[in-house]
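Okay, structure first, notes after.
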Amino acid sequence: RQMPMEKTAVDINQVVREGLFFLEARCVKSGIDVEYALDDALPLVFADAAQINQVLVNLVVNSLQAMPDGGTLRVRTETSNDRVCLSVEDTGTGMSPEVLQQVFVPFFTTKDIGQGTGLGLPVAHGIVASHGGAIEIQSEAGRGTRLEIWLPVSSTPAVRRAHRSGSPRGLPWRGCGSSSARSP
């Protein structure tokens, strides 16, 4: 059931830390290494933190299910052109071009009966769109998938003031680049 949106100044890095805290044990148990590259100077966004957390969890759970024999999950944040990017990348099974064209269609799933509803990515798409953002996806069968969530940096003065306390640091790997597919 959808709850009314409650937008506030949100630190996407904090959403990532809190959202993955509960999933890291599952990753370890499944033989999945988790790599973070979180930009400490990331500006705040005006968003509903619970909904952004739901998007993150949906993406991460999809990645975990795509790596039944282990692998690497990479989560990255960065800013580009007044937008914040949250990237979730896996070394899983990836998707064929035919499947990739259907991923945002409600109830479309490649999972066995009882293993998935086909609502994770459509719900994520709806949440991101309601925040004025976009989802970009790049995948190749047998090579993994990268999903990027792009959200506008808040232009609200209070949110900009709250951001001024951030400090930059280097990022160890590239993500959040241009992708081959965008959400509809």
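The values are calculated or read from the model by the stated rules, or taken from the named source; none is laboratory data. Keep in mind the model is a prediction, meaning the values are calculated, not measured. All Cβ positions, even for glycine, are placed from backbone atoms using ideal geometry, and neighbour counts span all protein chains on display. Accessible surface areas use protein heavy atoms only, side chains included; no ligands, DNA or RNA. Shrake-Rupley method; radii C 1.70, N 1.55, O 1.52, S 1.80 Å.
Listed here are the residues, each with its yes/no results for (1) over 17 Å from ILE137 (Cβ atoms); (2) at pLDDT below 90.
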| residue | (1), (2) |
| --- | --- |
| VAL55 | no, no |
| GLN65 | no, yes |
| GLY71 | yes, no |
| CYS85 | no, no |
| GLN102 | no, yes |
| GLN115 | yes, yes |
query: Looking at this structure, is ALA47 in contact with a Gly (Cβ under 6 Å, 6 or more places away or on another chain) and either open to solvent by less than 80 Å² (accessible area, probe 1.4 Å) or touching a residue at least 24 places away in the same chain (Cβ under 8 Å) (or both)?
result: no
message: Please go through the range 72-87 and give me each residue that is open to solvent by 30 Å² or more (accessible area, probe 1.4 Å) and not basic (Lys, Arg), ordered by number.
response: THR79, SER80, ASN81, ASP82
- request: From the list ASP69, ASP90, pick out the single residue that is at negative phi, out of contact with any helix residue (DSSP H, G or I) (no Cβ under 7 Å at 6 or more places or on another chain) and either surrounded by fewer than 15 Cβ atoms within 10 Å (Cβ to Cβ) or not hydrophobic (A, V, I, L, M, F, W, C) (or both).
  value: ASP69
- line: In the range 15-36, residues that are assigned to a helix (DSSP H, G or I), surrounded by 15 or more Cβ atoms within 10 Å (Cβ to Cβ) and of a type outside the set (Val, Ile, Thr) total 3
- prompt: Quick one: how many residues across the range 37-74 are assigned to a strand (DSSP E or B) and under 24 Å from MET95 (Cα atoms)?
  reply: 4
- prompt: Residues in the range 1-9: is at least one under 15 Å from the mean Cα position of the chain (by Cα) and either more than 15 Å from LEU59 (Cβ to Cβ) or open to solvent by 10 Å² or more (accessible area, probe 1.4 Å) (or both)?
  reply: no
task: State whether the residues of the range 75-90 include one that is assigned to a loop (DSSP other than H, G, I, E, B) and under 23 Å from GLY126 (Cα atoms).
output: yes
- prompt: Which residue pairs have Cβ atoms under 9 Å apart, sit 6 or more places apart or on different chains, and have a first residue in the range 66-77 that is more than 8 Å from GLU35 (Cβ to Cβ) and touching a residue at least 40 places away in the same chain (Cβ under 8 Å) and a second that is open to solvent by less than 20 Å² (accessible area, probe 1.4 Å) and of a type in the set (Ser, Thr, Tyr)?
  reply: ALA66/THR145; GLY71/SER63; ARG76/SER87; THR77/SER87
